[in-house]
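Got a structure here, written out as structure tokens. Questions coming.
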Amino acid sequence: MDNPFYKATLRYRLFSSFIDALSRRTAFSLADAAFLPLPVPMRDLSSRLPRHRFVLSHVMVAAGLACGMGGARAQAAEPATTAQPVEVPQLKSSTLLEEELAPGQTHKVPVFVTGDRMSGRPDLETLIEGDVVLRKAGTVIHADRLEYDQPSDQVKASGHVRINRKGDVFEGPLLDLKVESFEGHFDEPRYRFLKSEGQGQASRAEFVDESHTIIHDATYTTCRRKPGPDWLPDWILRATSISLDNEEDVGIAQGAVLSFKGVPILPIPAISFPLSDKRKSGLLPLTIGWGADSGLELTVPYYWNIAPNRDATFFPTVMTLRGVDLGAEFRYLEPTYTGTVRGNYMPADKLTGTDRWGLSFLHQGVVGTPVGPVTVAANVNRVSDDNYWRDFTNSTTFADPNAIANTSASVGVAATQRLLPSGLTASWGLGAFSSTARVLKWQTLQDVTAPIVPPYDRVPQLTARYALTNVHGIDWSIDGDYTQFDADRSKTLQPNTQRGVALLQVSRPWLAPAGFITPKLQLHAAGYQFDSMLGDGSQSASSVVPTFSLDSGLVFERETRLFGRNLVQTLEPRAFYVYTPFRDQSLLPNYDTASNDFNFATIYTENAFVGNDKISDNNLLTLGVTTRFLDADTGGQLARFGVAQRLRFADQKVTLTPSEAPAQAGFSDVMLGASVNVQDDWALDTTVQYNGKTDQSVRSTLGARYNPGNYRVVNGAYRFQRGVSEQLDVSWQWPLNNLWGDRGQELGTGRGQGEGRYYSVGRLNYSLDERRLVDTVLGVEYDAGCWLARVVLERAQTSNSTASTHVMFQLEFVGFTRLGLLGGNPIQTLTQNISRYQNLRNSGGTTSRFSNYD
């Protein structure tokens, strides 16, 4: 290594590498030369350069290397001891490029500049001309000519100037900028934004700092620019100024006018719009509608992004025939609790002369206590009057009525229901023990033409459970339930009560890969204390009902091959026997009990009822068999076929009501079921309840789905219940362009299938026995690329003789806003009515500064 000839050879190779880099016009910095022991003049020059701000370009590096080569020749005869050891930096490899640099890291990196010619004074000013490129972390500047003043860190660029700032691009004739602080201005820029895919042009852009820019006499659109000088976007926003905040990813336009197809449609004094999918405060799309009883309806929502874990939405609605409905929704999300509050208030409804209001509140959380965490759920739903659900179906939403029992439910069910629940639930558990305290009250919205029996309030309900598994092979549990049922006796026609229930279960499962057998014993005890006398003069009652069941099954497997695929077929016979002796329960009122639906899930259960008031007497055997076809490689289920039937050895005597006919001894109806999903495009599911005595089906359902790709789905269902109803239900989303051979593009979910495409959407629910459409949704969507249009007609049956009809029209300017010009929200309607419906534009896509790398 101390051989002078060897060092000179290395320097020559370095110089050759530099010449190659120069011919390719790639950047070459003095840091590259630091890997070799350079002569003193070169080392002095590099030490004087502020590398964190500027690295010289080809011309000056070439001059420095030429001096170094001369020095090498002059020192070739010197002793090798003059060489100084150089520490080679250790590089750490990484498979990822950082999307965001750490704070302060951008101040430590150098500035790289390339160009055809360079002149200037070190540490003062530098002039680069000819295809200039300046690079700094997150910023790239192209220009024909660039002046850099080092003491002030000022860059003046002219001639085809182009800035790429973290994927956002500005182009124009003249730039004046401080590189480090990113302060300056850009004359007559054209711009494109990475996250929103928006673009426009302005007379001047002022860079306030790295995250804030103000553009004057600006335009904005997300329409893709097309060739030609006469190109005009389909929609464009013109504003006196637009303030861009890249920290909040929001743009605020002042003195704006929104034009569509060259026609100004919406003057806007001030409006904010998103630069990404990040939440932001501002006006939401307005909605214009018409109601037969409300007249013209205009809703102008405003969204308030209070904090990352809190927000609010205000949606005042003007109804020309009623007045002003003031609506608001507040959401909060904390580490241990979350909730939503929504309310509407209309002072002095012009049609009724009364104040109208609705309230919905849902809260879920965990509260720490000395005995452990307690899960709390609250659900409140109240309205001002019985007709509120009919008059304000579009303006108010209520919580799921099952939210008290199911704490995962959320606000958002339309207010067409007439039973509104309100309650509070607290749950606690420790090991094998769990308990729940619950209060539930109902508001029943009565209708003179169709009155309903109100359900019972539970004030309160206390439950507890203790369960252990595999105690010397035995599973056992005990459940307790105390409930006070309260309701209007004039409507329920039976007394209120306090009921206590205890259920003891003991089972001994034997499990093996080839099958299982599980005997089980149950003891159900219930006691009642009524607030008035029963028919026999008593004010209390009780019942104790034992049950024995034996569940067993086998699993056989074999390898097979069908349609060119390797499969595994299973054969799973199952036998379930249950015996419950008769106990007279005819005097017990019914508070929470109903008949179990007859299907594959309930055919293997001990009780014919669900609830605690009635326990059916049984002496029956259920036999069934299921066969499945599984993919041998993945284990995915391709098809399932099953059959099951009950054999009742004695007549059932316990019924829900005295007038109800009991189940007779003998064979029950046969349950037949099949599910086929051989291909990803097709899915088939059917269930048939067949009566062998009448040789007729009692109930049949047949469902099919064809889903060959994005935005192409057809769902069909046939539902038949003898003597009750027979309906055909079809829903779809399908590109109409396919009808004339245009297959579109596979752009992925949430991107549509290309510009200029129409989509048919709809749902038809037809009653075959009544020969009329029950529910109807018909619509067309059009994708123009940077804007979308939707027209949807919805007709929903509200009673046997009445129906509500809504026509919805929505114009969506992609990446900017939506304008609802008629009715409600068509996207919500389509999502609720069409299984696997896909929105043509979905938010949530990710963008990277490297996807627009310069």
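If R0 is 56 Å, what FRET efficiency do you get for VAL324 and LEU647 from their C-beta distance, rounded to 0.05?
Step by step, r from the Cβ atoms, then E = 0.30.
Further question on the same structure: First check a/c for the range 239-310, with a ≥ b ≥ c the square roots of the eigenvalues of its C-alpha gyration tensor; if it is under 1.5, answer rounded, and if not, answer prolate when a/b is larger than b/c or oblate otherwise.
On the way: a/c = 2.91, a/b = 1.30, b/c = 2.23.
Note, shape of the range 239-310 comes out oblate.
Which Cα, out of ALA514, PHE563, LEU504, lies furthest along the positive dipole direction of the range 478-569 (beta carbon charges, K/R +1, D/E -1)?
PHE563
Tell me which of SER700, VAL678, GLN645 sits at the most positive position along the dipole axis of the range 641-726, charges placed on C-beta atoms (Lys, Arg +1; Asp, Glu -1).
Going by the Cα projections, it comes out as GLN645.
Which value in nm describes the separation of the simple spin-label points at ASN738 and ASP234, placed 7 Å from the Cα toward the beta carbon?
It works out to 2.1 nm between the two label points.
Take VAL341, VAL374, VAL792, VAL453 and sort them by solvent-accessible surface of the protein heavy atoms, 1.4 Å probe, largest at the top.
Accessible-area ranking of VAL341, VAL374, VAL792, VAL453, largest first: VAL453, VAL341, VAL374, VAL792.
Do any trypsin sites (Lys or Arg not before Pro) in the range 143-234 lie in a DSSP loop with no more than 14 other beta carbon atoms within 10 Å, and if so, which?
Working: sites: ARG145, LYS156, ARG162, ARG165, LYS166, LYS178, ARG190, ARG192, LYS195, ARG204, ARG224, ARG225; in loops: LYS166, LYS195, ARG224, ARG225.
Of the trypsin sites (Lys or Arg not before Pro), the ones in loops of the range 143-234 whose Cβ has at most 14 other Cβ atoms within 10 Å are ARG224, ARG225.
Calculate, for ASP631 and PHE598, the FRET efficiency according to 1/(1 + (r/R0)^6) with r their C-beta to C-beta distance and R0 51 Å; round to the nearest 0.05.
Working from the Cβ atoms, E equals 0.95.
Sorting TRP787, TRP290, TRP682 by accessible area (1.4 Å probe), largest first, what list results?
TRP290, TRP682, TRP787
Return the FRET efficiency for the residue pair THR375, SER477: r is the Cβ-Cβ distance, R0 is 22 Å, and the value is rounded to the nearest 0.05.
After rounding, the FRET efficiency stands at 0.60.
Let me ask another. Can you tell me the dipole magnitude for the range 455-520 around its Cα centre, using point charges on the Cβ only (Lys, Arg +1; Asp, Glu -1), in Debye to the nearest 20?
Dipole of the range 455-520, to the nearest 20 debye: 120 debye.
Assign one of three labels to the range 178-217, namely rounded, prolate or oblate, based on the Cα gyration tensor with a ≥ b ≥ c the square roots of its eigenvalues; rounded applies when a/c is under 1.5, prolate when it is not and a/b is larger than b/c, and oblate otherwise.
oblate
Give me the distance between the Cα centres of the range 458-494 and the range 156-202, rounded to whole Å.
Cα centroid to Cα centroid, the span is 69 Å.
7 Å from Cα along Cα→Cβ at both GLN446 and ALA661: what's the point-to-point distance in nm?
For GLN446 paired with ALA661, the spin-label model returns 3.4 nm.
For the range 585-679, what is the accessible area per residue in Å² when the probe is 1.4 Å?
46
Cut-off under 13 Å on the C-alpha distance; same-chain residues fewer than 8 positions from LYS441 excluded. Which aspartates and glutamates are left, in chain and number order?
Cα-Cα hits under 13 Å: ASP457, ASP486, ASP488.
I need the phi-derived Karplus couplings for the range 619-629: 6.51 cos²θ - 1.76 cosθ + 1.60, θ = phi - 60°, integer Hz, Gly and Pro marked x.
In residue order, the calculated couplings are 8, 8, 10, 10, 10, x, 8, 10, 10, 10, 10 Hz.
For a label point 7 Å from the Cα of ASP531 along Cα→C-beta, name the residues of the range 432-459 whose backbone N is under 17 Å from it.
Zone members listed by number: 439-444, 454-459.
Can you give me the Cα centroid spacing of the range 349-376 and the range 634-698 in angstrom?
What the calculation gives is 42 Å, centre to centre.
Which value in nm describes the separation of the simple spin-label points at ASN309 and ARG279, placed 7 Å from the Cα toward the beta carbon?
Going by the 7 Å Cα→Cβ label model, 1.2 nm.
Where the accessible area of the range 204-289 is counted over protein heavy atoms with a 1.4 Å probe, how much of it, in %, is carbon and sulfur?
C and S fraction of accessible area: 58 percent.
Something else about it: Using +1 on the beta carbon of Lys and Arg, -1 on that of Asp and Glu, and nothing else charged, what's the dipole of the range 262-395 about the Cα centre, debye to 20?
Computed charge dipole of the range 262-395: roughly 360 debye.
Carbon and sulfur atoms: what percent of the 1.4 Å accessible area of the range 691-734 do they account for?
52
Kindly flag which residue pairs out of LYS166/LYS280; LYS491/LYS653; LYS156/LYS261; LYS614/LYS693; LYS653/LYS693; LYS195/LYS261 have an alpha-carbon separation exceeding 32 Å in this structure.
Beyond 32 Å: LYS156/LYS261.
Follow-up. With all protein chains present, calculate the accessible area of THR444 using a 1.4 Å probe and round the result to the nearest 10 Å².
Surface accessible to solvent at THR444 totals approximately 30 Å².
About its Cα centre, what dipole magnitude does the range 298-342 give when the only charges are +1 on Lys and Arg Cβ and -1 on Asp and Glu Cβ, stated in debye to the nearest 20?
On the way: 4 positive and 4 negative charges, 16 e Å.
The dipole of the range 298-342 has a size of about 80 debye.
The values are calculated or read from the model by the stated rules, or taken from the named source; none is laboratory data. As the structure is a computational prediction, the values presented were derived from the model and not from experiment. Virtual Cβ from ideal backbone geometry, glycine too; neighbours counted across all protein chains shown. When the accessible area is computed, the model is the full protein with side chains, heavy atoms only, and any ligands, DNA or RNA have been set aside. Shrake-Rupley method; radii C 1.70, N 1.55, O 1.52, S 1.80 Å.
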